[in-house]
Amino acid sequence: MFVSALFAQALLATAALAIPTSKERHDARVARRAGGLRQSVPRITNSSHVEYSSNWAGAVYNSAAGTYKSVTASFVVPTPKSSGSGGSQAASAWVGIDGDSCGNAILQTGVDFNVDGGSVSFDAWYEWYPDYAYDFSGISFEAGDSVTLTVTASSTTKGTAVITNNSNGQSVSKSISSSSALCEQDAEWIVEDFEEGNSLVPFANFGTVSFTGASAKTASGSVGPGSANIIDIQQNGKTLTSVSTSNSGVTVKYI
């Protein structure tokens, strides 16, 4: 889920898309790579470094030292709602290592929120780019469930992705290895408007995603997201999210 290099020209406001199948979601995540890294426009607000992106909202740490070994956070699964454009809409919440300033690889895991009319669904997935994204099986979600996401790099080419539904006791994990080495220089807590084909999907109104217990482990300890760079989604000149951080949390609001 590297961030798009260019702002989307338009959302698929008039398309009546069905909720994507597992294969379509896999294909969509691969297609997100086509644009390369995010191109954002930074601004300084109250001494915080705030950037704008077409598809990422949340908090990101960058360190050229390559120190991030694990990223974790919990959140309550929201009830996605139509943002008014009709058809199928979606958003995704995830934690990750790399993919922002590091172009080699990204290790991430998250949950997609899908809404189509009155139908709501959720999907859990993991990914080590440039390999495909894969859906987890054996875990389900309902709005209001408490979920914990964790990615851990045991080395630059080996790691794990874990998702636990704290509300129903289900937990899934995957050990992953890759020939594409992590830089270990980015740590992220993100809500994303992802792509299908060459266009961003219509962005669902996800309400609020509050990442709590958020931390990134380094070789020397852990750091919370309080001083991380803030990213808001801006499309067609309109800001769609509002992000705030604390020493242990990242709050992403749809506005």
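Couple of notes before you dig in:
- Test: residue in segment 221-230 that is at negative phi and either touching a helix residue (DSSP H, G or I) at 6+ places or on another chain (Cβ under 7 Å) or part of a loop (DSSP other than H, G, I, E, B) (or both): yes
- Among the residues making up segment 184-209, those that are surrounded by fewer than 19 Cβ atoms within 10 Å (Cβ to Cβ) and out of contact with any Lys or Arg (no Cβ under 9 Å at 6 or more places or on another chain) are GLY197, ASN198, SER199.
- Residue match in segment 94-117 (condition: at pLDDT below 95, farther than 25 Å from VAL250 by Cα and outside any loop (DSSP other than H, G, I, E, B)): yes
- Take the conditions (1) in contact with a helix residue (DSSP H, G or I) (Cβ under 6 Å, 6 or more places away or on another chain); (2) more than 23 Å from GLN185 (Cβ to Cβ); PHE206 misses just one of them, which is (1).
- For beta carbons closer than 8 Å, sequence separation of 6+ or different chains, a first residue in segment 201-222 that is within 15 Å of SER246 (Cα to Cα) and free of Cβ contacts under 8 Å to residues at least 40 places away in the same chain and a second that is part of a strand (DSSP E or B) and hydroxyl-bearing (Ser, Thr, Tyr), the qualifying pairs are SER222/SER215.
- The residue that is nearest to SER155 (Cα to Cα), among those in segment 228-253 that are without any contact (Cβ under 8 Å) to a residue 24 or more places away in the chain and among the hydroxyl-bearing types (Ser, Thr, Tyr), is SER246.
- Of all residues making up segment 127-136, the number that are under 17 Å from VAL77 (Cβ atoms) and either modelled with pLDDT under 95 or acidic (Asp, Glu) (or both): 1
- Flag for LYS158 being within 19 Å of TRP128 (Cβ to Cβ), of a type outside the set (Gly, Ala, Ser) and touching a residue at least 40 places away in the same chain (Cβ under 8 Å): no
- The set of residues in segment 125-183 being in contact with a helix residue (DSSP H, G or I) (Cβ under 8 Å, 6 or more places away or on another chain) and among the acidic types (Asp, Glu) consists of GLU127, ASP135.
- Pairs with Cβ under 8 Å, 6+ apart, first in segment 134-145 and surrounded by fewer than 12 Cβ atoms within 10 Å (Cβ to Cβ), second aliphatic (A, V, I, L, M): SER137/VAL172; GLY138/VAL172; GLY144/VAL76; GLY144/VAL77
The values are calculated or read from the model by the stated rules, or taken from the named source; none is laboratory data. Remember, predicted model here, so these are calculated numbers, not experimental data. Every residue, glycine among them, receives a Cβ derived from its backbone with ideal geometry; neighbour counts consider all protein chains shown.
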